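Q: Submitted below is the structure of interest, expressed as structure tokens.
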Amino acid sequence: MKQRIINILFWSVISAAFIGPGTVTTAASAGAGFGYALIWALIFSTVACYILQEASARITAVSGLNLGQAMKQEYGSSRAGNWLIWLALIAILSGCAAFEAGNILGAVAGLTLVTGSVPVPLIVAVIGITAGILLWNGTVRQIAKLLGVIVAIMGICFVITAVMITPSLSEIFANGFIPTIPDGSEILVLGLIGTTVVPYNIFLGSGLKHAQSPAEMKLSLGIAIGLGGLISVAILLTGTAISGDFSFEKLASTLSQQLGGYGSLLLATGLFGAGLSSTLTAALAASITAKSLLSDTKTPSSWSERGIKFRSVWMGVLGIGLLFGVMELRPIPVIILAQALNGIILPVIAVILFLLMNNGRILPKAHQNRTVQNLLTGIVVWLSILLGLTNLLLALSGVFEFTVPGQTTLTLISGILFLAVIVPLVRRRVWLN
């Protein structure tokens with residue numbers, strides 16, 4: 001049992017990565033604007049997250065290759081394959097750097113809810129120094145376990161808060177589990193999925209070294225991601241305490257009125273935990289992704305966790321986040337670029353995972369996807385194409401000022417693109433493995 005708990009804490013790094021200030025904002029906004037109606041979207045996105053994370057972790061557990069190494073082995077010999085590898089690297093590193101500022105400012109927002117007038121640059125500096133010391137002195141395994149503890153504390157805070165506002169269980173079961181998209185919630189639904197299923201998490205999970213068997217990995221990873229989904233639902237329930245436009249200050253004020261001083265303290269602790277954990281994981285994921293895609297198997301020591309290459313990547317990502325955090329600015333142009341690049345790379349990575357999970361050169365037949373797994377992965381691939389296309393067009397519309405097609409049109413286009421990918425695979429009979 002002790003080892004099982006340790007394994008779950010280890011894989012909680014994935015939950016720490018996707019439960020950041022963005023998830024808190026999006027989930028709480030969903031609760032504030034639509035009550036319990038979008039709980040199903042969080043459950044669906046948690047399942048989708050597990051399907052992709054389990055696939056990438058299975059590659060590593062069975063073949064000994066992380067996702068980047070498997071990509072290089074299969075596609076690195078062609079020019080197009082090398083372009084694909086560099087596209088993945090640029091998209092993920094820019095995404096980590098762009099959203100690091102949001103992670104840091106989210107942690108700042110949590111502290112300022114209880115500290116009041118402390119200067120923001122001072123808080124940013126303290127958070128940056130803390131994150132830097134942990135990343136410099138700790139190994140990936142140690143940081144993963146620490147993040148598991150932070151996620152546990154954060155989860156307890158949000159779950160207690162959700163319980164204390166006494167949500168209606170009958171309404172949750174009546175309205176929360178039926179897939180419906182209320183008018184005006186389309187982008188928010190995609191946002192709930194997009195904050196849970198992100199490309200750099202896939203590389204992060206694949207790059208974590210462990211000695212777990214594939215069966216133990218699946219179980220521990222499933223429990224860790226499931227608990228992360230539960231925390232996300234608790235955040236949504238917490239958001240139902242307010243109505244109208246969402247803000248951390250408004251939510252803290254409402255919780256203080258309903259629950260007394262404990263309400264705002266629990267929110268502040270949870271929000272700080274979300275910001276700090278995502279600050280660590282974004283920087284760590286950037287280094288793991290770079291190592292995965294750029295390291296040479298002949299000289300692996302050049303990308304050791306305490307080496308200059310590995311450390312320079314996370315220091316660069318953390319430094320960019322701290323710079324924008326001290327300036328109290330969100331790097332909007334960089335975030336737009338990151339959204340556009342991630343809009344391209346998420347479906348690409350999902351399709352690559354689909355191919356690798358049916359590839360006999362990477363996985364022996366006993367560990368390849370079966371029909372049900374391929375069906376579920378196919379649904380996630382379609383979802384990633386829809387999500388990526390929407391994010392890409394939204395990002396480009398902010399630059400070139402054009403009207404994004406309606407959600408029905410985007411769904412139809414993504415379905416056509418999905419079929420264009422899947423039909424050749426069906427012809428090759430990968431579904432019948």
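Laboratory data are not the source of any read-out in this text; all were calculated from the coordinates shown. Computed from a predicted model, the values in this text were never measured in an experiment. Methodologically, a virtual Cβ is constructed for each residue, glycine included, from the backbone with ideal geometry; neighbour enumeration extends over all protein chains shown.
Q: If the viscosity is 1.306 mPa s and the temperature 10 °C, what Stokes-Einstein diffusion coefficient in µm²/s follows for segment 1-91 when Rh is the Kirkwood radius over Cα pairs?
A: Rounded to a whole number, D works out at 98 µm²/s.
Q: Still on this structure, please answer the following. Which order do peptides 414-421, 318-325 fall in by mean Cβ count within 10 Å, highest first?
A: Result, highest mean Cβ count within 10 Å first: 318-325, 414-421.
Q: Can you work out the PRE-style zone for VAL423? Point 7 Å along Cα to Cβ, and I want the residues of segment 369-409 with backbone N under 16 Å.
A: None, by backbone N distance to the label point.
Q: Kirkwood Rh and Cα-based Rg: tell me the resulting Rg over Rh for segment 164-302, rounded to two decimals.
A: 1.06
Q: Taking the dipole about the Cα centre of segment 48-205, with the C-beta of Lys and Arg at +1 and of Asp and Glu at -1, give me whichever of MET71, VAL198, VAL151 is farthest to the positive side.
A: About the Cα centre, the residue reaching furthest to the positive side is MET71.
Q: Here is a follow-up. What nm value, rounded to one decimal, do you get for the distance between LEU169 and THR403 when each label is placed 7 Å out toward the C-beta?
A: With each label placed 7 Å out from Cα toward Cβ, I get 4.8 nm.
Q: State the label only: which of [x] 21.9; [y] 25.8; [z] 22.6 corresponds to Kirkwood radius over Cα pairs in Å computed from the shown model?
A: So the structure-derived entry is [x].
Q: How far apart, in nm, are the 7 Å Cα→Cβ label points at ASN137 and ILE308?
A: Placing both labels 7 Å along Cα→Cβ, they lie 2.4 nm apart.
Q: Mind checking which lysines have their Cα closer than 28 Å to the Cα of LYS209? Skip sequence neighbours fewer than 8 apart in that chain.
A: Filter leaves LYS2, LYS72, LYS145, LYS218, LYS291, LYS298, LYS309, LYS365.
Q: If you project the alpha carbons of segment 240-283 onto the principal axes, what extent comes out on each, in Å, largest first?
A: Projected onto its principal axes, the Cα set of segment 240-283 covers 36, 23, 14 Å.
Q: Specify the longest stretch of the chain that does not include any exposed loop site, a site being one of the GluC sites (Glu not before Pro) with a non-H, G, I, E, B DSSP assignment and at most 13 other Cβ atoms within 10 Å.
A: Result, exposed sites excluded: 1-327.
Q: Mind checking which helices in the chain clear 20 Å along their axis (Cα) and have mean Kyte-Doolittle hydropathy of -0.5 or more, DSSP H runs only?
A: Those that pass (Cα extent of 20 Å or more, hydropathy at least -0.5) are 2-18, 39-63, 79-115, 120-137, 140-164, 214-239, 261-294, 308-326, 332-356, 371-400, 407-427.
Q: Lys and Arg at +1, Asp and Glu at -1: add these up for the other residues within a Cβ distance under 15 Å of THR238 and post the number.
A: 0
Q: Then there is this: Sequence gap at least 6, Cα distance under 8 Å: using those rules, report the relative contact order of the chain to the nearest whole percent.
A: It rounds to 32 percent for the chain.
Q: Could you list the square roots of 5 times each eigenvalue of the Cα gyration tensor of segment 125-197, that is, the equivalent ellipsoid semi-axes, sorted largest first and rounded to whole Å?
A: Over the Cα atoms of segment 125-197, the semi-axes work out to 35, 18, 12 Å.
Q: Helix-only estimate, please: 222 nm mean residue ellipticity of the chain, summing -39500 (n - 2.57) across DSSP H runs of length 4 or more and dividing by its residues, to the nearest 500.
A: -27000 deg cm²/dmol
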